[in-house]
């Protein structure tokens, strides 16, 4: 039996996990066409038109959303004691993802545009035929970071300045050196600013995977090693950077309210384009790779609940798709009719240079490793890469 203290801790921990997965309704206000989504996902770099008014509404997000460890109906343990009679549901349904809320926490809400009622995000994981498993919290986080970074970069493009980020393993900063922009038009400066914001929005996501692997916890009661380099994370993050870039290109993020409304629409339409499965079939997709991609018998937060990870920390991400063999591995599964080996994964990419400017030549992101993480970090990363600060472009290109 649990002690009273362990029971209280377990209840609190489970409440935090579940709070990101409540179901709400939301209202669409415009309808992007499938061709618009296809063009956004296939382009490496956005193609903006005209000029953009700057906004001061977008402070950089101070935290990440509670995300879901890969799998469905996982068992949970607290302090090596399994929580009895409980399994964590992770799967989401496209029609219940809720409205987007910039810089959301697990308890964030916003007004419904038409009814005045309060609504919140519903984050979880769903399976798409072209994009594999998609973690909605990761999509939303990187979209928010990309948007917030743009409004820091655009007014100072070409100047020497520093953006201070929330610490993880230690203090994090993005440093820009002065460089010549006199040969760029206003539209080109805007395009370059969007590309840099997407680049560093995704770099922040890469860094978060590294931080999780070395002991960083976004939420004190949840060790996150089990989530580090999870198969769906980086693809989902890049998807968020792509959507946010599109909204900036089309001037659909001129205020937080505009951004929330349009992000809600474009997120829904993008998931729809990737051909999402129902909640029931997404759960069956998790079941189909139980024992190969994850282990349902190993409770959260044990490291080896995840059996397969994505260590490809590059600016091109290809999703892992279920095979016909995977779909047929579970008796009585309806997946067999949906999964086809002829379906091609939709690869996403972001640019790291434009107009002759290589982003790493004019900027860098650094992270200072605090003493409490040193032992874990130095057992993983060669010493010449971590004197006082870790240069992410060096760390990210290594095999882990």
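The values are calculated or read from the model by the stated rules, or taken from the named source; none is laboratory data. For clarity, every value in this text was computed on a predicted model and none was experimentally measured. Every residue, glycine as well, gets a Cβ built from its backbone with ideal geometry; the counts of neighbours run over all protein chains shown.
The residues on offer are 363, 349, and the sole one that is crowded, with 17+ Cβ neighbours inside 10 Å and farther than 22 Å from residue 40 by Cα is 363.
Does residue 196 satisfy the criteria of being crowded, with 18+ Cβ neighbours inside 10 Å, more than 19 Å from residue 353 (Cβ to Cβ) and in contact with a helix residue (DSSP H, G or I) (Cβ under 6 Å, 6 or more places away or on another chain)? So residue 196 does not fit the description; no.
When the stretch 155-186 is limited to residues that are part of a loop (DSSP other than H, G, I, E, B) and within 26 Å of the chain's Cα centre (by Cα), the one that is modelled with the highest pLDDT turns out to be 157. Checked against (1) under 25 Å from residue 237 (Cβ atoms); (2) surrounded by 16 or more Cβ atoms within 10 Å (Cβ to Cβ); (3) at pLDDT 60 or above, residue 26 passes all but condition (3). Filtered by the rule that a residue be modelled with pLDDT under 95, over 28 Å from residue 156 (Cβ atoms) and in contact with a helix residue (DSSP H, G or I) (Cβ under 9 Å, 6 or more places away or on another chain), the stretch 342-376 gives 373, 376.
I'd like to know if the stretch 286-299 contains one or more residues that are closer than 30 Å to residue 176 by Cα, within 23 Å of the chain's Cα centre (by Cα), surrounded by 17 or more Cβ atoms within 10 Å (Cβ to Cβ) and in contact (Cβ under 8 Å) with a residue 12 or more places away in the chain. Even if it seems obvious, please write down each step before you answer.
Within the stretch 286-299, the subset closer than 30 Å to residue 176 by Cα is none.
For the stretch 286-299, residues closer than 30 Å to residue 176 by Cα, within 23 Å of the chain's Cα centre (by Cα), surrounded by 17 or more Cβ atoms within 10 Å (Cβ to Cβ) and in contact (Cβ under 8 Å) with a residue 12 or more places away in the chain: absent.
Under 19 Å from residue 92 (Cβ atoms), under 19 Å from the mean Cα position of the chain (by Cα) and surrounded by fewer than 23 Cβ atoms within 10 Å (Cβ to Cβ), is that true of residue 268?
Details: under 19 Å from residue 92 (Cβ atoms): yes; under 19 Å from the mean Cα position of the chain (by Cα): yes; surrounded by fewer than 23 Cβ atoms within 10 Å (Cβ to Cβ): yes.
The answer is yes for residue 268.
For residues that are part of a helix (DSSP H, G or I) and in contact with a helix residue (DSSP H, G or I) (Cβ under 6 Å, 6 or more places away or on another chain), tally how many sit in the stretch 307-333. Outline the logic, then answer.
Pass one, the stretch 307-333, residues part of a helix (DSSP H, G or I): 324-327.
Pick out the ones that are also in contact with a helix residue (DSSP H, G or I) (Cβ under 6 Å, 6 or more places away or on another chain) and you get 326-327.
Here the count works out to 2.
Rundown of residues vs (1) under 20 Å from the mean Cα position of the chain (by Cα); (2) assigned to a strand (DSSP E or B); (3) at pLDDT 70 or above, yes/no style:
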{"residue": "44", "(1), (2), (3)": "yes, no, yes"}
{"residue": "101", "(1), (2), (3)": "yes, no, yes"}
{"residue": "108", "(1), (2), (3)": "yes, no, no"}
{"residue": "114", "(1), (2), (3)": "no, no, no"}
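Is at least one residue of the stretch 272-286 part of a helix (DSSP H, G or I), within 20 Å of residue 348 (Cα to Cα) and either touching a strand residue (DSSP E or B) at 6+ places or on another chain (Cβ under 6 Å) or modelled with pLDDT of 95 or more (or both)?
Of the stretch 272-286, the ones part of a helix (DSSP H, G or I) are 272-273, 279-286.
This time we only want the ones that are within 20 Å of residue 348 (Cα to Cα), so: 272-273.
Checking the rest, the ones that are also either touching a strand residue (DSSP E or B) at 6+ places or on another chain (Cβ under 6 Å) or modelled with pLDDT of 95 or more (or both) come to 272-273.
Yes, the stretch 272-286 has at least one match.
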